[in-house]
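The values are calculated or read from the model by the stated rules, or taken from the named source; none is laboratory data. Quantities reported herein were computed from a predicted structural model and do not represent experimental measurements. Glycine also receives a Cβ, built like all others from the backbone with ideal geometry; neighbour counts cover every protein chain displayed. Surface accessibility is based on the protein's heavy atoms, side chains included, excluding ligands, DNA and RNA. Shrake-Rupley method; radii C 1.70, N 1.55, O 1.52, S 1.80 Å.
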2 protein chains.
Amino acid sequence: MEISEKVLAMLTRLGFTKYEVLTYWTLLVYGPSTAKEISERSGIPYNRVYDTIASLKARGFVSEVESSPRVYVAFSPSIAFLKFKKEVDDIKRQLEKELKKVKVKEEERPGIWRTKDLDEAVEMVKESLDISEYEVILVAPEKFLEKLEDNIKNALKKGVTVSLYTEERIDLSDFTKIGNLFVRKFHKLNHFIGMFDGREVIDIQNIGFRPRNPPSFKATYPEIIFSQYSFIREAFKESTLILESINRKDDLRFFTTFHAVDLIRRHLNDSNIYAEIIAKNLTTGEIEELRGRVVGYTVAMEEGIDNFDLETDKGIFKIGGMFAVLEDYETTRIRLILT
Amino acid sequence: MEISEKVLAMLTRLGFTKYEVLTYWTLLVYGPSTAKEISERSGIPYNRVYDTIASLKARGFVSEVESSPRVYVAFSPSIAFLKFKKEVDDIKRQLEKELKKVKVKEEERPGIWRTKDLDEAVEMVKESLDISEYEVILVAPEKFLEKLEDNIKNALKKGVTVSLYTEERIDLSDFTKIGNLFVRKFHKLNHFIGMFDGREVIDIQNIGFRPRNPPSFKATYPEIIFSQYSFIREAFKESTLILESINRKDDLRFFTTFHAVDLIRRHLNDSNIYAEIIAKNLTTGEIEELRGRVVGYTVAMEEGIDNFDLETDKGIFKIGGMFAVLEDYETTRIRLILT
């Protein structure tokens with residue numbers, strides 16, 4: 001029996017031995033066969049057929065039919081590779097589990113991950129949604145949001161604030177009873193932009209034009225985060241809040257101070273607002289946890305100022321956002337409590 | 001850096017070398033790193049890092065960021081395995097293509113392919129739908145048909161007759177303008193049964209109860225085909241034709257004579273019916289091609305008789321279906337032309 005070098009190379013690449021490839025291929029080509037027939041047709045030594053069959057059975061590529069002598073059947077490539085892909089998924093999950101145990105917590109070097117494959121880009125966004133803790137900002141056309149529906153809901157359920165910027169009032173009724181959601185109307189934007197906890201940015205170019213292979217990237221470079229943060233700050237100025245759905249008054253999280261301050265501005269008259277933040281003391285450079293009551297705020301977007309005043313045991317401090325310089329503290333981890 | 005034996009074994013199983021696993025793992029654990037850092041952290045000899053990186057890049061597991069020195073980034077397991085699964089799909093397609101070229105046409109030994117995975121069972125049905133040429137019979141609950149919609153449409157487009165047995169009048173408007181479709185009302189059946197060109201049978205048990213892992217099988221054993229054929233013949237007797245959608249009058253294909261004869265019975269008054277069949281001469285055992293005009297038929301379902309009379313150049317012959325004994329010819333490849 002002939003087997004093309006191509007088939008052999010392809011399957012070897014997936015971790016199959018030469019005997020495994022020959023056996024599987026023989027069964028595909030000749031149909032159900034006995035061990036003897038497999039040996040004759042493939043040229044594999046008879047005494048090696050059984051262990052080869054055993055490992056192909058373990059991988060779900062081959063099965064057997066009770067009869068005497070035993071007959072082996074190959075699952076078609078569609079079925080066999082469906083199994084194989086499920087195994088790949090299992091391995092992926094195992095790998096992620098193992099990784100969680102050993103992942104180095106210290107600050108990573110920043111990176112850029114590029115792709116032109118839309119599926120991969122979407123997967124990147126989902127992944128970032130899943131690991132976010134404070135706030136996710138999505139500037140996205142409606143159609144694109146559909147792809148993310150489950151992950152957005154899960155983020156909301158976990159207490160992550162979702163801040164959407166989108167073209168017009170879209171049907172978000174599915175999202176409004178779950179967590180803390182803010183929707184702002186923004187002009188049509190053909191790119192998707194996502195910011196996650198102020199740590200990661202994902203851009204998908206020209207998504208509004210439904211291209212086949214949109215250039216996309218995820219980045220953790222501070223320069224890119226800064227650029228995107230600036231963009232969203234501009235978007236914020238030009239946008240109207242069209243939906244505010246607060247379902248967790250005692251746990252309103254933000255990484256963006258201008259979003260937090262906007263909420264404070266709208267609710268400080270009618271509520272007591274408390275805050276818990278993890279922030280960098282701009283004098284000492286230390287990371288501190290602060291708790292207290294919000295007693296004031298400043299918003300001067302044109303001047304690039306947005307902060308709030310936190311009254312703590314040790315005094316009143318000005319809390320600024322990412323890249324803050326004028327304030328006492330810089331934070332991207334804000335938790336507000338409305339009572 | 002520690003790497004668990006488990007991770008190493010899992011990834012080796014997918015065809016990765018030890019150095020590839022170590023490098024990928026190091027980048028996952030430590031984040032973006034230079035070649036020197038990879039070598040230090042993983043213990044891989046520095047002069048082996050570059051070729052390892054190159055092969056990981058080729059597999060889409062690693063990418064690089066322009067900087068000096070160069071920094072390498074790992075795609076997360078989700079993204080990397082998404083790529084990997086696409087590669088697996090490519091390999092599957094290549095394999096199917098190669099297989100088509102060399103598949104042995106002679107009669108295969110019969111086989112049984114079993115699974116308890118519903119996805120795999122559905123994939124089996126889709127695959128059989130895709131390779132059918134004459135007629136597909138599906139005894140199926142409505143919900144299950146939804147999963148097969150695209151493949152059913154494609155079969156209809158290719159000229160394959162689709163004969164459905166289902167619980168009640170369901171919305172089949174999507175299917176009615178494409179090819180030759182016959183729908184019969186059958187009592188609720190909790191199993192799925194598919195027969196394809198009389199060559200393959202697929203059963204999925206208890207599908208009506210939506211079990212998680214329904215025992216399912218595909219079989220090419222004549223005994224199983226016979227049993228299923230008998231079952232469908234019973235179903236035919238108890239069923240009312242509730243929809244007949246003929247969109248290819250000049251190419252009405254069947255493998256089931258009782259379906260063909262039923263059509264002849266209903267249309268012989270108002271149409272001329274011609275037939276082209278590939279059939280076994282029950283006297284000589286030879287396979288022959290016959291063409292002619294349909295001039296009569298016999299249906300005595302209770303007696304187990306259904307056949308039609310074909311007037312050819314060489315005389316009038318009685319054409320019977322699968323397992324025919326009384327007739328002159330046995331066929332599962334019938335093409336009728338209505339004019």
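Could you please let me know if residue A:189 is closer than 18 Å to residue A:208 by Cβ and in contact with an Asp or Glu (Cβ under 8 Å, 6 or more places away or on another chain)? Considered against the rule, which asks whether it is closer than 18 Å to residue A:208 by Cβ and in contact with an Asp or Glu (Cβ under 8 Å, 6 or more places away or on another chain), residue A:189 comes out as yes. Checking each residue in region B:148-201 for being within 13 Å of the chain's Cα centre (by Cα) and surrounded by fewer than 15 Cβ atoms within 10 Å (Cβ to Cβ) picks out B:149, B:150.
Of the conditions (1) more than 8 Å from chain A (Cβ to nearest Cβ); (2) open to solvent by less than 20 Å² (accessible area, probe 1.4 Å); (3) outside any strand (DSSP E or B), residue B:91 clears all except one; give me its number. Condition not satisfied by residue B:91: (1).
Screening residue B:139 against (1) under 17 Å from residue B:193 (Cβ atoms); (2) open to solvent by less than 20 Å² (accessible area, probe 1.4 Å); (3) modelled with pLDDT of 95 or more leaves a single unmet condition, (3).
Evaluating residue A:333 against the criteria (1) under 21 Å from residue A:136 (Cα atoms); (2) open to solvent by 50 Å² or more (accessible area, probe 1.4 Å); (3) not in a strand (DSSP E or B) leaves one unmet condition, (3).
Being among the hydroxyl-bearing types (Ser, Thr, Tyr) and within 14 Å of chain B (Cβ to nearest Cβ), is that true of even one residue in region A:154-170?
No: region A:154-170 contains no residue that is among the hydroxyl-bearing types (Ser, Thr, Tyr) and within 14 Å of chain B (Cβ to nearest Cβ).
Listed by position, the helices (runs of 4 or more DSSP H) enclosed by region B:108-206 that each have at least 3 residues that are of a type in the set (Asp, Glu) are B:118-131.
For region B:290-331, the tally of residues that are without any contact (Cβ under 8 Å) to a residue 40 or more places away in the chain and touching a helix residue (DSSP H, G or I) at 6+ places or on another chain (Cβ under 7 Å) stands at 1.
Just for region B:66-82: of the residues that are at the interface with chain A (Cβ under 7 Å from one of its Cβ atoms) and touching a residue at least 24 places away in the same chain (Cβ under 8 Å), which one is farthest from residue A:120 (Cα to Cα)? Don't jump to the end; show me each part of the working.
Taking region B:66-82 as the starting set, the residues that turn out to be at the interface with chain A (Cβ under 7 Å from one of its Cβ atoms) are B:71, B:73, B:75-79, B:81-82.
With the extra rule that they be touching a residue at least 24 places away in the same chain (Cβ under 8 Å), the set shrinks to B:71, B:73, B:76-77.
On the way: B:71: 21, B:73: 15, B:76: 11, B:77: 11 Å.
Among residues in region B:66-82 that are at the interface with chain A (Cβ under 7 Å from one of its Cβ atoms) and touching a residue at least 24 places away in the same chain (Cβ under 8 Å), the one farthest from residue A:120 (Cα to Cα) is B:71.
Residue A:334: out of contact with any Leu (no Cβ under 7 Å at 6 or more places or on another chain), touching a residue at least 24 places away in the same chain (Cβ under 8 Å) and not charged (D, E, K, R), yes or no? Reasoning before the result, please.
Details: out of contact with any Leu (no Cβ under 7 Å at 6 or more places or on another chain): yes; touching a residue at least 24 places away in the same chain (Cβ under 8 Å): yes; not charged (D, E, K, R): yes.
Yes, satisfied.
Only a single criterion out of (1) at the interface with chain A (Cβ under 7 Å from one of its Cβ atoms); (2) over 29 Å from residue B:211 (Cα atoms); (3) modelled with pLDDT of 90 or more is not satisfied by residue B:98, namely (3). Are any residues in region A:1-11 at pLDDT 80 or above, closer than 15 Å to residue A:28 by Cβ and open to solvent by 60 Å² or more (accessible area, probe 1.4 Å), and if so, which ones? Across region A:1-11, the qualifying residue is only A:6.
Per-residue answers, yes or no, for (1) of a type in the set (Phe, Trp, Tyr); (2) at pLDDT 90 or above; (3) closer than 22 Å to residue B:13 by Cβ:
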position: A:13; (1), (2), (3): no, no, yes
position: A:17; (1), (2), (3): no, yes, yes
position: A:27; (1), (2), (3): no, yes, yes
position: A:50; (1), (2), (3): yes, yes, yes
position: A:65; (1), (2), (3): no, no, no
position: A:75; (1), (2), (3): yes, yes, yes
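Is it the case that residue B:66 is open to solvent by 40 Å² or more (accessible area, probe 1.4 Å) and touching a Phe, Trp or Tyr at 6+ places or on another chain (Cβ under 8 Å)? So residue B:66 fails the test.
If you check residue B:116 against the conditions, is it in contact with a Ser or Thr (Cβ under 9 Å, 6 or more places away or on another chain), within 12 Å of another protein chain (Cβ to nearest Cβ) and at pLDDT 95 or above? The answer is no for residue B:116. Of the residues making up region B:202-224, those that are modelled with pLDDT of 90 or more and open to solvent by less than 20 Å² (accessible area, probe 1.4 Å) are B:202, B:204, B:216, B:219.
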